[in-house]
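The values are calculated or read from the model by the stated rules, or taken from the named source; none is laboratory data. Here the structure is a predicted model, which is why all the values come from computation and not from measurement. Neighbour counts run over all protein chains shown; Cβ positions are idealised from the backbone, glycine included. Protein only, heavy atoms only, side chains kept; ligands, DNA and RNA dropped before computing areas. Shrake-Rupley method; radii C 1.70, N 1.55, O 1.52, S 1.80 Å.
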Amino acid sequence: MTSHDPVFTTPLFDPTVPLREGSPDDIRGLMASYPRTLAECSSESMAVRPDFIMISPGKTGTTWLAHHLGRHPGIFVPPEKEARFFDNYWRFHDLNWYLAKYAGTGGRIRGDISPSYAWLPKYAIQLVRDLNPHLKLIILARRTPERAWSHTRHCFRYRVSVFRHCTQSLGSLPDRSILRYLISDQSLSASDYPALIRRWMRYFPVSQFHVRYFEDAMARPEEYLKDLCRFLGASEKFDFAQANLREKVYEGIPFAAPDWIRSMLARIYSTRQSEAETFLKETFGLTSPWEPLHYPAGAAPVDLQEHPDGWKISLDEGRFRAVRGGELRREDYLGDLLNQLDEPAGGSKDWEEARLTDIMLGLHRDFDSPLFQLDGQDRGFSIFHSRASVYAVRDTLGGVDLSIGDDLLEQRYAPQDVIIGRNDAEIKARIGSLTDGGISAAREVPS
């Protein structure tokens, strides 16, 4: 263990608190219900199906790209950016509802930019392929420690995943709470670019992928956008440089990673990052701009939990290890390891599918979570989230019962006093248009 690491004198996680979102029955139930719940769509709807999907995980420039592609007259991205049909809204609507978002777009190239698609299991990807086998796929690969830490702060800010019930500030959270997210299946799967791309390559040829490094795109944004337009079949003549392509706004919680987190990220990702660079080079011919990541010298295993069957589970050299007597098992993901320990006679089970389905269960719980208020204020407004909607309430109004529903809120309050939107960027832009004389807040570049 390095001098930067926290000292854990007991196993890190309480064995009575599940490390997974659902039980094996929950996982099997979702896997079975997903394909039979999605209805076939009409021929009219099929005429406006998306031409491309961005399948990058969160904090890889998805909001930035949605904004700038949306400015192109030949490209259409839904105003809410994240359609999220294939990971969440399929529970409530059919494919016709999803495709109605693209109605009236004429001859424009249609896209869906939903970071949560990075976690789609193969049975979901197969349905995406059935919708449009000629779909083009966009990925930006960001250096793994930076992406993981930025997404950790994002999840804390919106109180999702392991932070769902946190009431403390990020700086006052116990180290174990932060580490729990860093080593979670959700966090690790999002930075696993080789596994992500291989899943989609089962159903789409390499020629339909546009994969670039995030750092290269941010260093030469206009060049990247024009290259992407060529790939999508859109005109390259649009002047993207009319906007400030390097503009940074609402970067999330400004909380630099402490030394122990940087050390922990290095031990988690040193091998994984190298494997990702090799894969991207061999598959797409990309030369990595990433700074090398080295495993910390002297780092000792971190005890995580004891399994009910007597297995002692730890994090060792960036992988998960279970030891019982003379037996040893190792896996890249804690969920894969736990699934095998729970079903030791499972044979050739698809542990990746079970792990990703469990992540989808967590996304559903996040979406269904109750309303909560973000810390701080924005130009005289307090901002609230309910996963499905975002609300900005003018502070001079006092208490407003947001649970009455969007229709009643729009009837009772002026639109300049209670603003209802689909995401944080939209809300901030509309606050800006009210408070800055029509100058909207700038869009997000991942922090």
Task: Within segment 16-127, helices (runs of 4 or more DSSP H) holding 1 or more residues that are open to solvent by less than 50 Å² (accessible area, probe 1.4 Å), in contact (Cβ under 8 Å) with a residue 40 or more places away in the chain and among the β-branched types (Val, Ile, Thr) - done: 24-37, 62-71
Open item on the list: Among the residues that make up segment 318-326, is at least one of them assigned to a helix (DSSP H, G or I) and modelled with pLDDT of 90 or more?
Closed with: no
Open item on the list: When the residues of segment 334-354 are narrowed to those that are open to solvent by 30 Å² or more (accessible area, probe 1.4 Å) and in contact with a Phe, Trp or Tyr (Cβ under 9 Å, 6 or more places away or on another chain), which ends up farthest from Gln273 (Cα to Cα)?
Closed with: Gln340
Open item on the list: Could you check segment 132-142 and list, in sequence order, the residues that are surrounded by 23 or more Cβ atoms within 10 Å (Cβ to Cβ) and of a type in the set (D, E, K, R)?
Closed with: Arg142
TODO: Tell me, please, whether a residue that is part of a helix (DSSP H, G or I), in contact with a Cys (Cβ under 9 Å, 6 or more places away or on another chain) and farther than 18 Å from Ile53 by Cβ can be found in segment 130-152.
DONE: no
Task: Residue in segment 228-235 that is in contact with a Cys (Cβ under 6 Å, 6 or more places away or on another chain) and either assigned to a helix (DSSP H, G or I) or open to solvent by less than 10 Å² (accessible area, probe 1.4 Å) (or both) present - done: no
- [ ] Considering every residue within segment 51-59, establish whether at least one is farther than 21 Å from Met218 by Cβ, in contact with a Lys or Arg (Cβ under 8 Å, 6 or more places away or on another chain) and among the charged types (D, E, K, R).
- [x] yes
- [ ] Inspect segment 259-277 for any residue being exposed (fewer than 14 other Cβ atoms within 10 Å of the Cβ) and part of a loop (DSSP other than H, G, I, E, B) and give the result as yes or no.
- [x] no
Task: Of residues in segment 378-418 being farther than 23 Å from His154 by Cα, aliphatic (A, V, I, L, M) and in contact with a helix residue (DSSP H, G or I) (Cβ under 9 Å, 6 or more places away or on another chain), the one modelled with the lowest pLDDT - done: Ile404
- [ ] Provide a single number: the residues in segment 178-202 that are surrounded by fewer than 17 Cβ atoms within 10 Å (Cβ to Cβ) and either closer than 25 Å to Ser314 by Cα or touching a residue at least 60 places away in the same chain (Cβ under 8 Å) (or both).
- [x] 1
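Results for (1) assigned to a helix (DSSP H, G or I); (2) charged (D, E, K, R), shown as yes or no for each residue.
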residue: Asp336; (1), (2): yes, yes
residue: Ala354; (1), (2): yes, no
residue: Gly362; (1), (2): yes, no
residue: Asp366; (1), (2): yes, yes
residue: Pro370; (1), (2): no, no
Open item on the list: Based on this model, can you work out whether Gly298 counts as in contact (Cβ under 8 Å) with a residue 24 or more places away in the chain, assigned to a loop (DSSP other than H, G, I, E, B) and at positive phi?
Closed with: yes
TODO: Could you check Ala392 against (1) of a type in the set (A, V, I, L, M); (2) within 27 Å of the chain's Cα centre (by Cα); (3) over 23 Å from Phe367 (Cα atoms) and say which number it fails?
DONE: (3)
TODO: Kindly establish whether Asp375 is open to solvent by 50 Å² or more (accessible area, probe 1.4 Å), at pLDDT below 90, within 28 Å of Arg262 (Cβ to Cβ) and among the acidic types (Asp, Glu).
DONE: yes
Open item on the list: Tell me yes or no: at least one residue of segment 350-372 is among the polar types (S, T, N, Q) and free of Cβ contacts under 8 Å to residues at least 40 places away in the same chain.
Closed with: no
TODO: Please tell me if Ala322 is surrounded by 16 or more Cβ atoms within 10 Å (Cβ to Cβ) and under 20 Å from the mean Cα position of the chain (by Cα).
DONE: no
TODO: Check Pro121, Pro50, Pro115 and return the single one that is modelled with pLDDT of 90 or more, farther than 23 Å from Tyr213 by Cβ and under 17 Å from the mean Cα position of the chain (by Cα).
DONE: Pro121
TODO: Name, by its number, the condition in (1) surrounded by fewer than 18 Cβ atoms within 10 Å (Cβ to Cβ); (2) within 20 Å of Ala266 (Cα to Cα) that does not hold for Glu331.
DONE: (1)
Open item on the list: Go through segment 143-159 and report how many residues are of a type outside the set (Phe, Trp, Tyr) and open to solvent by less than 20 Å² (accessible area, probe 1.4 Å).
Closed with: 8
Task: Subset of segment 203-221 [open to solvent by less than 10 Å² (accessible area, probe 1.4 Å) and part of a strand (DSSP E or B)] - done: His210, Val211, Tyr213
- [ ] Please state which of the following conditions Asp368 fails to meet, knowing it meets all the rest: (1) within 30 Å of Ser274 (Cα to Cα); (2) within 28 Å of the chain's Cα centre (by Cα); (3) open to solvent by 30 Å² or more (accessible area, probe 1.4 Å).
- [x] (1)
